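Report on one structure; see the data block that follows.
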Amino acid sequence: MASVFERLLKKASCPTADNLTEQCYTASRHSLYFSPIKQQPNREHMKQDNILVIGANGQIGSVLTEALREVYGIDRVLATDIRMPEHDTGPFALLDVCHGAALDELVRQQHITQIYHLAAILRAKGESDPLWAWNTNMTSLLNVLEVARQRHVAKVYY
C-alpha cells in the first residue's frame with residue numbers, strides 16, 4: 001500500500017519519489033527527536049489520532065489534507081489557514097500560526113496528536129522583504145515546536 005506521501009506526490013504530479021525522505025519529529029517533554037519512518041503505521045492506533053494541517057489551502061496542503069482524510073477519516077483531520085478555503089471539504093479553522101496562544105488553544109481543544117506544518121512565506125514574496133519572511137517563517141515554526149512540546153503532540157511534520 002502506498003504511503004500518504006507517495007499518494008500525495010502522485011496526485012501533485014511530482015516527477016519521482018526516489019529522493020523524498022519521510023521524516024518524523026517526535027516531541028517529548030524536554031526535547032525533539034528525529035527518526036526516519038521505517039514501519040507501516042498501526043491502523044488501529046490511527047483511528048485515535050487527531051491531525052492538524054497548518055497551511056491547508058496551499059497547493060501541497062490541500063492535496064495532503066484530502067489524502068489524510070481518506071486514511072484517517074474526515075472528522076480526524078482539521079485543516080487550518082489564514083484565509084477561508086474556496087470549497088467546503090471538511091473541518092476547517094482560521095488560524096494565524098504566528099499567534100502561539102491561538103495555536104496552543106486549538107491543539108488543546110481538539111486533542112491534536114499530529115501536526116503537519118506547511119505554512120510559510122515562499123521565495124517569490126519573501127525576496128521582496130526577506131526580514132518579514134524570515135520572522136514569519138521562524139516564528140511559525142517555533143510556535144509549532146513549542147506547542148508540540150508543551151502539549152505532548154506525538155508527531156510534527158514540516
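The values are calculated or read from the model by the stated rules, or taken from the named source; none is laboratory data. Keep in mind that this is a model prediction, so the values were computed, not measured. Cβ: placed from backbone, ideal geometry, glycine included. Neighbour counts: every protein chain shown.
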With the checklist (1) at pLDDT 90 or above; (2) within 24 Å of Gln150 (Cα to Cα); (3) assigned to a loop (DSSP other than H, G, I, E, B) in hand, flag the one item His30 doesn't pass. (1)
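Quick grid of which residues meet (1) within 15 Å of the chain's Cα centre (by Cα); (2) among the charged types (D, E, K, R):
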position: Pro85; (1), (2): no, no
position: Cys98; (1), (2): yes, no
position: Glu105; (1), (2): no, yes
position: Ile112; (1), (2): yes, no
position: Tyr116; (1), (2): yes, no
position: Ala119; (1), (2): yes, no
position: Asp129; (1), (2): no, yes
position: Trp134; (1), (2): no, no
position: Val144; (1), (2): yes, no
So if I check each of Leu64, Leu141, which one is surrounded by fewer than 19 Cβ atoms within 10 Å (Cβ to Cβ) and part of a helix (DSSP H, G or I)? Leu141
Please determine whether any residue of region 89-107 is at pLDDT below 95 and in a loop (DSSP other than H, G, I, E, B). yes
Mind counting the residues in region 61-102 that are aliphatic (A, V, I, L, M) and touching a helix residue (DSSP H, G or I) at 6+ places or on another chain (Cβ under 7 Å)? 11
Only one of (1) more than 25 Å from Val63 (Cα to Cα); (2) crowded, with 17+ Cβ neighbours inside 10 Å; (3) small (Gly, Ala, Ser) fails for Ala101. Which number is that? (2)
For region 111-138, how many residues meet the condition of being assigned to a loop (DSSP other than H, G, I, E, B) and surrounded by fewer than 13 Cβ atoms within 10 Å (Cβ to Cβ)? 5
